[in-house]
Amino acid sequence: MKKMIIILFLILIHSSSFAAKWDKSDKILFNMFTTGMIIDCLQTNYIFTHNGDGYHEKNSTIKAGVHSIGRGFIPLWFGSFILGSWYVLDKSPAKIRKFTLVGLILVKGNDCGRNYRKGIGLNFKF
């Protein structure tokens, strides 16, 4: 849990220091994407704590990381993806940034919704 709080805190600090070229809608879209990633992170943690319930992670990189490092790899993976996405989006033109963020939000929304329909909850304990 401490690791998740640290990652969330770093993301919030980092998101408040966006470059001036990010307008208000870019910041809102990025925060929506970040929220989707955090929900997906918590759902992934639920999968690994409820293995006997028939839930399985499909991402082989996450599976390998959890088996070699432990469940602490889950927030590390998602936090790295959020920060990496921010870096790439920060270097992108504004129009492409908006389209990319909308696409990422749709993908994360679909992933989280599908997980929710399968009965995968949120687990805040790491």
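Points to keep in mind about this one:
- Note on segment 72-126: among residues that are within 23 Å of LYS58 (Cβ to Cβ) and among the aromatic types (Phe, Trp, Tyr), the one that is surrounded by the most Cβ atoms within 10 Å (Cβ to Cβ) is PHE78.
- Whichever residue in segment 1-49 is at pLDDT 65 or above and in a loop (DSSP other than H, G, I, E, B) and, among such residues, is nearest to HIS67 (Cα to Cα): TRP22
- Members of segment 83-126 found to be in a loop (DSSP other than H, G, I, E, B) and β-branched (Val, Ile, Thr), listed by number: ILE120
- Unmet requirement for LYS58, which otherwise passes all of (1) without any contact (Cβ under 8 Å) to a residue 24 or more places away in the chain; (2) not in a loop (DSSP other than H, G, I, E, B): (2)
The values are calculated or read from the model by the stated rules, or taken from the named source; none is laboratory data. Here the structure is a predicted model, which means the values were calculated and not measured. Methodologically, a virtual Cβ is constructed for each residue, glycine included, from the backbone with ideal geometry; neighbour enumeration extends over all protein chains shown.
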